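Working notes, structure below.
The values are calculated or read from the model by the stated rules, or taken from the named source; none is laboratory data. The shown structure was predicted, so the numbers you read here are calculated from the model rather than taken from an experiment. Every residue, glycine as well, gets a Cβ built from its backbone with ideal geometry; the counts of neighbours run over all protein chains shown.
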Amino acid sequence: MELTGLTVELVLSWLVAELALAAALQPDHGVNQRPPFWGSHTVYGNYSGDILLGALFPVHQMGPSDADCGRIQASGSGLLAMLFTLDTINNSPQMLNGVRLGAVVLDSCDSDSVALQRSMEFVKGFFSRANRHHRVDFVCGDGQPPAYRNNSYDRMVGVIGGQSSAVSIQVANLLRNFEVPQISYLSTSTTLNGPKYSYFFRTVPSDVNQAAAILEILKVFGWTHASVVYSNSDYGNRGFQKLEELASSYGICFSSPLRLDQERQDYDDVIESLVNKTNARAVVVFADKMATGSLMHAAKARNNTAGLVWIGSDAWSSRETVVNGVEDVIEGTISVQPLVQRLSGFDAHMDSLDPRSATSLERNPWLAEFWEETFGCRLSAEPADGDRRPECDPDVRLSIGGGYRQQTYLHFVRDATWAFATALDDMHRDLCGGRPGLCHQMGHIEGRDLRRYLSNVVFKDQNSQSFRFMNGSGEGPPRYSILNFQRDDLTGRYSWKTVGQYSLKEDGKANLELRRNETRFKARSNYTFPLSSCSAPCQINQVKVKKENDLCCWTCRTCGHYQRVVDEYDCQECPPGSLPSPSKRDCVMVPLQHVDYSSPWALAAITFAVFGIVITVLCGLIFAAHGSTPVIKASGRELSYLLLLGDLLSFSLTFVIVARPSELSCGLTRFFLGLCYTVCYAAIVTKTNRISRIFTGRPRKPRTRYTSPRSQLVITALITSLEVLVNAAWLLYRPPLTLVVTPTREQRVLICDGLDDSSYLIGLIYPLILIGFCTVYAVKTRKCPGGFNEARYIVFTNYTTCVLWLAFVPLYIAASDHALRTVTLAMSLSLSGLVQLACLFFPKMYVVLWKPEKNTRDAVMAHRNTTFVTMACHAAPVVLINGSGGTRGRRQAPLCCHRHPASSCGSDGPALAPTGTY
């Protein structure tokens, strides 16, 4: 049981009464009188020194009840290892500078109850010391505080022990009330972690690390489905708790954990349950040695457990008391033990022991009993009544006839002793200033001061590796040996063989070194370990579906094509535009697609645009070279150049549209898409409107205004400015952005924002209105002189453009391929430009280049489908067309005409014959 607050209070009350009684009964004896409550029946070892350590070792086994002691431990050499280490320290000139370190040793009998009872001997002294040096509550008749054992406990500064966690927990609960540091050499329970036990240290790692080491072994062997058996004790419960806590991170599942209760005789049922789990062949046994011993004997009686492989914790594995008689059952066991290491020089020390030496018996009063038990003899010359044992041979030694083998944990005892010695040496150096011997400042050592020094000790362990308590927490560094219980094929003897090590790296990651080729199972199984897995591992694209009747077993379900594996039980859809990675653990974005100059679609559009640009430039050059001819003049040179500029913009915009989408390219596309059409049709509207106004004027009406080249350019600019304002406002309201769209699960396309809907068509509304006006004016000017009459060409241009738009708009809206949408925009612009060139410019270039006879004033002024008759006419107003196609004024000129419905430009005006220069 764990020591509770009430128990501590009762103990302290008892101690107060003891000291009060001592003071009352000895008013005149002073401090050197031995108190009456020092029981003469208590056996203790005394290693004299200037500074003392208390020590608790299980010299005897636990008796029939917790309060009794049993037989002496045949392998109990922990006490001898501490005495050997004290000799080494005191003989070293580099340690403690003339201060001798001693010890007072008590037998815990491997029982927490006995250990608690005998620890009272320490506590009495600590209580007396507190009464002397801190708060004086009791005094003797001479006014002096009562002394316990001549104040020898003023020199006791700490305790080494206990061995088992149960003993250490009880002792730690008691000692922490007096701020006494304690170092255990073999207690691993996680109960001793935390601030409650701030005065507790240990040179072994805690069970937190042991659980991780066991799980690492299961992982290496692929034993994903295992059974676990644990004892109903603090050690077992906390060990299982840690195993269960960490198991999922190692991919291990424990099926139906089984708890061992020492008071219940249900070990046969436990074995039956383990055998029936045919898929769980690996069995983790996290229990103390007594419960495990009973379990193994039950397994031997069952006689069909050959297929079970035991994974042992440190409390029972490698213990002879557990193994004896059940070696064939335990064969093949893999166990985790705190680092197995030999203590150098200790074997020679054991051979030098003399059980008849007074010094040896003072330090170790149980040595004689140990000697007689080991060799089966008696040390006394005269046998006691009924003692038939022979007298011991004075020359016998442990290594020769005693079957002695060094225990594997003794180096932890050595480390515990060295930790105290190093802390005291550091303190001596700080307080005594290099003066040899015990100085006044170290006459009384406070526990809290020694604890601070212990937290910072650094010394070399048995292998000359640096030892320190982890992070000042009092935990020993995680160092484990992996043992395998094997049978020697030649001798038939069983033994624990070291087959690996487990430790933590500096970054905190586990490091398991296991020699699989040296690890063997039972001979009857051909040394091959069994499988311990309920189901085969799932593939990388599969997850587990647990079975209802056994949560450790599963079936595998394949995740979907577009799903990744989140954990071992769940799939998750990847976002659109991404696919599962090859490992199926992550979603990876598919490569970004976009139209650029290397795209086949873009190359086709660019080729078409380059062809249009070349034609446009040629047209411009021809118009410039023949700008003074009647045909070119009649077409309106300035507006024709503006129309060519619009066509050039239409072709050039292709390079922007098919470029990699960016905010700049998207903005330019939106702005110029409608503007190109607007420039072209604004020029056509202005030109046809001008011709209509000129040739439909009444005979005596004032001259037509705003027909000069400058006026025409201003009018065109005003018409175009409306499109500029609309596009500018559109860009401000909806700034150009790029957008990544996913038309399919496996596509990710970079486009301009707006290309995925119909918003780009907004810019084409105004040009569509201008096309309507162009058509109206083309119809109105259809009867003008041939050089001015472009009605057929304009109407054909408009019809063709409308047909292109009727094909373009549905294709643009219906196209799911964004590359096709982009190229549709570019091609529609280029086609419209080519239509305008073909309909409005090619006829004039044909006349200029190949029909010069038609490039005359008469041909330009001729009416199509009209018969001119020379006759005397009245004077009529004649419009004089200047060299730029504008009007200079009106004058009366003879005009021969014949009134005919088809002979006039307008509805009621006369036929006009331009005169003068072009």
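Data overview
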{"read-out": "Contacts under 6 angstrom Cβ, first residue in the range 153-179 being more than 19 Å from residue 449 (Cα to Cα), partner charged (D, E, K, R) and surrounded by fewer than 24 Cβ atoms within 10 Å (Cβ to Cβ), 6 or more apart", "value": "169/2"}
{"read-out": "Residues that are under 28 Å from residue 589 (Cβ atoms), outside any loop (DSSP other than H, G, I, E, B) and not hydrophobic (A, V, I, L, M, F, W, C), drawn from the range 547-570", "value": "557, 558, 563, 564"}
{"read-out": "Condition broken by residue 497, with the remaining ones in (1) surrounded by fewer than 19 Cβ atoms within 10 Å (Cβ to Cβ); (2) of a type in the set (Lys, Arg); (3) outside the structural domain of residue 308 (by TED's automatic domain parsing) satisfied", "value": "(3)"}
{"read-out": "Qualifying residue in the range 839-849 (condition: under 30 Å from residue 758 (Cα atoms), in the same structural domain as residue 774 (by TED's automatic domain parsing) and at pLDDT 75 or above)", "value": "yes"}
{"read-out": "Residues that are farther than 26 Å from residue 262 by Cβ and either in a helix (DSSP H, G or I) or modelled with pLDDT of 90 or more (or both), drawn from the range 180-204", "value": "180, 181, 182, 183, 195, 196, 198, 199, 201, 203"}
{"read-out": "Residues within the range 447-462 that are loosely packed, with under 13 Cβ neighbours inside 10 Å and either at positive phi or in contact with a strand residue (DSSP E or B) (Cβ under 9 Å, 6 or more places away or on another chain) (or both), tallied", "value": "2"}
{"read-out": "Subset of the range 205-227 (residues that are more than 30 Å from residue 416 (Cβ to Cβ) and out of contact with any strand residue (DSSP E or B) (no Cβ under 8 Å at 6 or more places or on another chain))", "value": "219, 222"}
{"read-out": "Enumeration of residues in the range 499-532 that are outside any strand (DSSP E or B) and either modelled with pLDDT under 85 or touching a Cys at 6+ places or on another chain (Cβ under 9 Å) (or both)", "value": "505, 506, 507, 508, 509, 523, 524, 525, 526, 527"}
{"read-out": "Breaking point among (1) in contact with a strand residue (DSSP E or B) (Cβ under 7 Å, 6 or more places away or on another chain); (2) among the hydrophobic types (A, V, I, L, M, F, W, C); (3) touching a residue at least 40 places away in the same chain (Cβ under 8 Å); (4) surrounded by fewer than 24 Cβ atoms within 10 Å (Cβ to Cβ), for residue 258", "value": "(3)"}
{"read-out": "Residue satisfying all of: in the range 610-660; among the small types (Gly, Ala, Ser) and at pLDDT 85 or above; surrounded by the most Cβ atoms within 10 Å (Cβ to Cβ) among these", "value": "650"}
{"read-out": "The range 472-498 - residue that is of a type in the set (Asp, Glu) and outside any strand (DSSP E or B) and, of those, modelled with the lowest pLDDT", "value": "489"}
{"read-out": "Of the criteria (1) loosely packed, with under 13 Cβ neighbours inside 10 Å; (2) more than 26 Å from residue 197 (Cβ to Cβ), which one residue 537 fails", "value": "(1)"}
{"read-out": "Count of residues meeting criterion [closer than 21 Å to residue 221 by Cβ and either at pLDDT 80 or above or of a type in the set (Gly, Ala, Ser) (or both)] in the range 540-555", "value": "3"}
{"read-out": "When residues of the range 393-417 are limited to those that are in contact with a helix residue (DSSP H, G or I) (Cβ under 7 Å, 6 or more places away or on another chain) and either at pLDDT 90 or above or not in a loop (DSSP other than H, G, I, E, B) (or both), the one farthest from residue 95 (Cα to Cα)", "value": "401"}
{"read-out": "Listing of helices (runs of 4 or more DSSP H) fully contained in the range 601-702 that carry 1 or more residues being over 27 Å from residue 724 (Cα atoms)", "value": "630-634, 663-695"}
{"read-out": "In the range 322-353, residue nearest to residue 416 (Cα to Cα) [restricted to those that are part of a loop (DSSP other than H, G, I, E, B) and touching a helix residue (DSSP H, G or I) at 6+ places or on another chain (Cβ under 6 Å)]", "value": "343"}
{"read-out": "Of residues in the range 234-276 being within 25 Å of the chain's Cα centre (by Cα), among the hydrophobic types (A, V, I, L, M, F, W, C) and assigned to a helix (DSSP H, G or I), the one farthest from residue 206 (Cα to Cα)", "value": "247"}
{"read-out": "Test set (1) more than 60 Å from the chain's Cα centre (by Cα); (2) at pLDDT 75 or above; (3) of a type outside the set (Ser, Thr, Tyr) - residue 808 fails condition number", "value": "(1)"}
{"read-out": "Subset of the range 304-324 [over 18 Å from residue 280 (Cα atoms) and more than 36 Å from the chain's Cα centre (by Cα)]", "value": "316, 317, 318, 319, 320, 321, 322, 323, 324"}
{"read-out": "In the range 180-198, the residues that are surrounded by fewer than 23 Cβ atoms within 10 Å (Cβ to Cβ) and either under 13 Å from residue 243 (Cα atoms) or touching a residue at least 24 places away in the same chain (Cβ under 8 Å) (or both)", "value": "190, 191, 193, 197, 198"}
{"read-out": "Residue within the range 352-364 that is closer than 27 Å to residue 187 by Cα and crowded, with 17+ Cβ neighbours inside 10 Å present", "value": "yes"}
{"read-out": "Failed item, numbered, when residue 569 is tested on (1) under 28 Å from residue 244 (Cβ atoms); (2) among the aromatic types (Phe, Trp, Tyr); (3) surrounded by 15 or more Cβ atoms within 10 Å (Cβ to Cβ)", "value": "(3)"}
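Okay, residues lined up against (1) among the aliphatic types (A, V, I, L, M); (2) outside the structural domain of residue 269 (by TED's automatic domain parsing):
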site	(1), (2)
309	yes, no
318	no, no
322	yes, no
361	yes, yes
384	yes, yes
